[in-house]
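Heads up: the structure comes next, in structure tokens.
The values are calculated or read from the model by the stated rules, or taken from the named source; none is laboratory data. The structure presented is a predicted model; accordingly, all values stated were derived computationally and were not measured. Methodologically, a virtual Cβ is constructed for each residue, glycine included, from the backbone with ideal geometry; neighbour enumeration extends over all protein chains shown. Heads up: the accessible areas ignore ligands, DNA and RNA and are worked out on the full protein's heavy atoms, side chains in. Shrake-Rupley method; radii C 1.70, N 1.55, O 1.52, S 1.80 Å.
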2 protein chains.
Amino acid sequence: MPAPAIHIGPEPLAHLVEAVEDGGGRVVALAEAEAIVWAGSEADFPDELPERVRWVQLQSAGIEPWVERIRATPDGVQFTSAVGAYATQVAEHALALLLAGVRGIAGYARAKTWDRHDDPVLDGSTVAIVGAGGIGRELIRLLEPHDVKVLAVTRSGRDGTIPVDRLDEVWEAADHFVIAAPATDGTRHLVGADALARMKPHTWIVNIARGSLIDPDALVEALRAERIGGAALDVTEPEPLPDDHPLWDEPRALITPHVANPQATMDRDLAKRVRENVRRFAAGNALLAPVSRESGY
Amino acid sequence: MPAPAIHIGPEPLAHLVEAVEDGGGRVVALAEAEAIVWAGSEADFPDELPERVRWVQLQSAGIEPWVERIRATPDGVQFTSAVGAYATQVAEHALALLLAGVRGIAGYARAKTWDRHDDPVLDGSTVAIVGAGGIGRELIRLLEPHDVKVLAVTRSGRDGTIPVDRLDEVWEAADHFVIAAPATDGTRHLVGADALARMKPHTWIVNIARGSLIDPDALVEALRAERIGGAALDVTEPEPLPDDHPLWDEPRALITPHVANPQATMDRDLAKRVRENVRRFAAGNALLAPVSRESGY
């Protein structure tokens, strides 16, 4: 079996070269490539792909800017995203935000005086994970030693999960929510005024997916009216969140600036994914995280 | 076997009456008591105990104000603390503080603009738990699904733990520290200038034990000099922390006002402990969390 010819673009970054070679591939110029590992933006991607190219590996888990291009590319080219590659770090950040919210740490971090509140605990609560893909599954694993009932919501409702068309029940049943679903036309403003109205007064919403999944105006209104416990957001709409946005001054909001997947571990985790997918490509096996042209993720 | 006669003081709180009766005891006046469940302060405790009293259950895990009185009480009276009863809630708060510190959430909570840092992750790090009693063991359980190496430090060094006399190695070996040891003369300012000087620049220290375990002046100096990542403290010296204390304005400090064990779950968890110890007392079995006159905890 010859080593597959793989182009790394836009730059042949050392950790990716090493990963391609470790996976059994050889790094080549674009013109000779059977596959492309693209660690850059959609705008910089080559408009014409050499005819031999059958696979393109992208570097991010969310690939909204790529969907049109992928749909316009001939069927013989399989795109793969990095879905699941960063799941451990992102799930860790989701747990950090959930605990910080529920235990009142966001508020205490801003305090300048010793002022106790009787905050709730996570122990004994019900947490709904909306979108139980790689990150959701990883978060379920991290929650295992906690006495927490998990409600996993997926599009299909397979494998003991709750189908997305029963979300209305979930908004009422859970104490807290972690949004981990892909950003699609179908999930835009999934958390809107109606969902927020069904939640409990102590509920915290964590978003580590994409800002578009939450209606920001409805959220600000619910927080101002103290209708829910709070929102801990690593992603926002718009993003970056402008300085004059009301969420910066909202006591029940906690914003982290899209850092769930930090750069240092991202390089390491992407290299690991590239190595594994090159190995699979060389062996003719199914690749991890193939992008569906239909669903767009 | 007659139901043991148990006095609840200073007030016969309903949840404790229920716990005593569930455990097989009957609630009596002080003069008739064989045992006392004391849900009050040391200052209000009766100076003279009726002669039949053989057991006193206290409501807190840390019992520093009681040590002198316990040593002055006849040997036939066994005191029990609530060590371990609140371990789940306290360990949950310790994990919340550890994650909030390491992932930069304390700083982001105070930000008013979208400003990304490259924060570390907990995944892959080494966490030393100093004092692996009930809370420490519970934290180890919560950390199990994380890819974290735990160094457990105890006085004895038994059961695969590291003895306290090898702490100097531990200060250098671990990435992060959770202080969970009892407050005694021997543990006062256990974390001092010398320990802080051995730590790594990204190290976070979490204290959910007692403020006295950390030398506050040495800590403030280390934080100001940016020699460690930060300190997340649920307990302080002095406590409450006065409004003019430098830790309130220190960017690397996160203070929560002794809320690791919130009131709502505290009542529930104390009731559970009282029920279990009354059951054991009635059956003549060893009680949970007996206080040693020698060690003072």
If you put a point 7 Å past Cα along the Cβ direction, how far is that point for B:ASN285 from the same point in each other copy, in nm, smallest first? 5.0
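Pulled fully out, how much extra length does the chain show between B:HIS15 and B:ASP123, if you take 0.36 nm times their separation in residues and subtract their Cα-Cα distance? Please list the in-between numbers first.
Values: separation 108, 0.36 × 108 = 38.88 nm, distance 4.08 nm.
Result for the pair: 34.8 nm of gain on full extension.
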Kindly list the residues of region B:115-129 that lie in the label zone of A:GLU144, defined by a backbone N under 11 Å from the point 7 Å along the Cα-to-C-beta vector. none
Where the label is 7 Å out from Cα toward Cβ, how close does A:GLY76 come to the same position in every other copy, in nm, shortest first? 9.6
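Which number comes out as Rg/Rh for chain B once both Rg and the Kirkwood Rh are worked out on C-alpha atoms?
Details: Rg = 20.9 Å, Rh = 20.5 Å.
Result for chain B is an Rg/Rh of 1.02.
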Size of the dipole of region B:171-290 about the Cα centre, Lys and Arg at +1 and Asp and Glu at -1 on the beta carbon, nothing else charged, in debye to 20? 860 debye
Take region A:87-255, compute every pairwise Cα distance, and split them into 10 Å bins from 0; I just need the percent in each bin. 10, 42, 37, 9, 1
Added length on full extension, which subtracts the Cα-Cα distance from 0.36 nm per residue, A:ARG268 to A:GLU250: 2.9 nm
Carbon/sulfur fraction of accessible area - region B:254-297, other protein chains in place, 1.4 Å, %: 51 percent
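Could you tell me what fraction of 2.2 N^0.38 Å the Cα radius of gyration of the protein assembly as shown comes to, as a two-decimal ratio?
Values: Rg = 27.5 Å, N = 594, 2.2 N^0.38 = 24.9 Å.
This ratio for the protein assembly as shown stands at 1.11.
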Under a plain spin-label model, where a point goes 7 Å from the Cα along Cα-to-Cβ, how far apart in nm are A:THR73 and A:THR113? 5.9 nm
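Over region B:11-155, what percent of the accessible surface lies on carbon and sulfur atoms, probe 1.4 Å? Write down the numbers at each step before the final one.
On the way: 2900 of 6050 Å².
Carbon with sulfur: 48 percent of the solvent-accessible area.
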Kindly state, to the nearest 0.05, the FRET efficiency for A:ALA286 paired with B:GLU48, given R0 = 60 Å and r defined as their beta-carbon distance. 0.15
Residue among A:LEU233, A:LEU122, A:LEU13 with the largest mean-square fluctuation in a Gaussian network model of chain A, springs linking Cα atoms under 10 Å: A:LEU13
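Report, as an integer, the average count of C-beta atoms from other chains found within 10 Å of each Cβ along B:117-125. All intermediate terms of the calculation are to be shown ahead of the outcome.
Numbers: counts 4, 6, 6, 3, 11, 5, 6, 4, 0.
Average per residue, whole number: 5.
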Distance (nanometres) between label positions extended 7 Å along Cα→Cβ at B:HIS189 and A:ARG26: 6.7 nm
Percent of all Cα-Cα pairs per 5 Å bin for region B:1-44, counting from 0 up to the last occupied bin, reads 6, 26, 33, 23, 9, 3, 1
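Over chain B, what is the relative contact order in whole percent, taking alpha-carbon pairs under 8 Å and six or more residues apart? Walk me through the intermediate numbers first.
Working: 554 pairs, mean separation 59.8, N = 297.
RCO, chain B: 20 percent.
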Can you tell me the mean projection area, over all orientations, of the convex hull of region B:156-246's alpha carbons? Units nm², please. 5.9 nm²
Relative contact order, percent, of region B:103-166 when contacts are C-alpha pairs under 8 Å separated by at least 6 residues? 27 percent
To the nearest hundred square angstrom, how large is the accessible surface buried between B and A, total for both chains, probe 1.4 angstrom? 4500 Å²
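Please give the net charge around A:VAL278, taking every other residue with its beta carbon less than 14 angstrom from that of A:VAL278, where Lys and Arg add +1 and Asp and Glu add -1. Present the calculation step by step, with values, prior to reporting the outcome.
Working: positive: A:ARG26, A:ARG54, A:LYS272, A:ARG273, A:ARG275, A:ARG279, A:ARG280; negative: A:GLU18, A:GLU21, A:ASP22, A:GLU34, A:GLU276.
Combined, the nearby Lys, Arg, Asp and Glu give +2.
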Test of understanding: in a Gaussian network model of chain A with alpha carbons linked when under 10 Å, which of A:GLN78, A:GLN263, A:GLN59 would top the mean-square fluctuation ranking? A:GLN263
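Taking a probe of 1.4 Å, how large is the accessible area per residue of region A:191-274, in Å²? Write down the numbers at each step before the final one.
Working: 3190 Å² over 84 residues.
Averaged over the residues of region A:191-274, the accessible area is 38 Å².
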Put the label 7 Å from Cα along Cα→Cβ for A:ARG52; what are its distances to the other copies, in nanometres, shortest first? 9.5
Contact order relative to length for region A:87-255, counting C-alpha pairs under 8 Å separated by 6 or more residues, stands in percent at 21 percent
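Where does the charge balance sit around A:ARG252 when Lys and Arg score +1, Asp and Glu -1, over other residues with C-beta under 9 Å from its C-beta? Could you put the intermediate results ahead of the total?
Numbers: positive: A:ARG224; negative: A:GLU226, A:GLU250.
Once all neighbours under 9 Å are counted, the net charge is -1.
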Please give the net charge around A:ALA264, taking every other residue with its beta carbon less than 14 angstrom from that of A:ALA264, where Lys and Arg add +1 and Asp and Glu add -1. -3
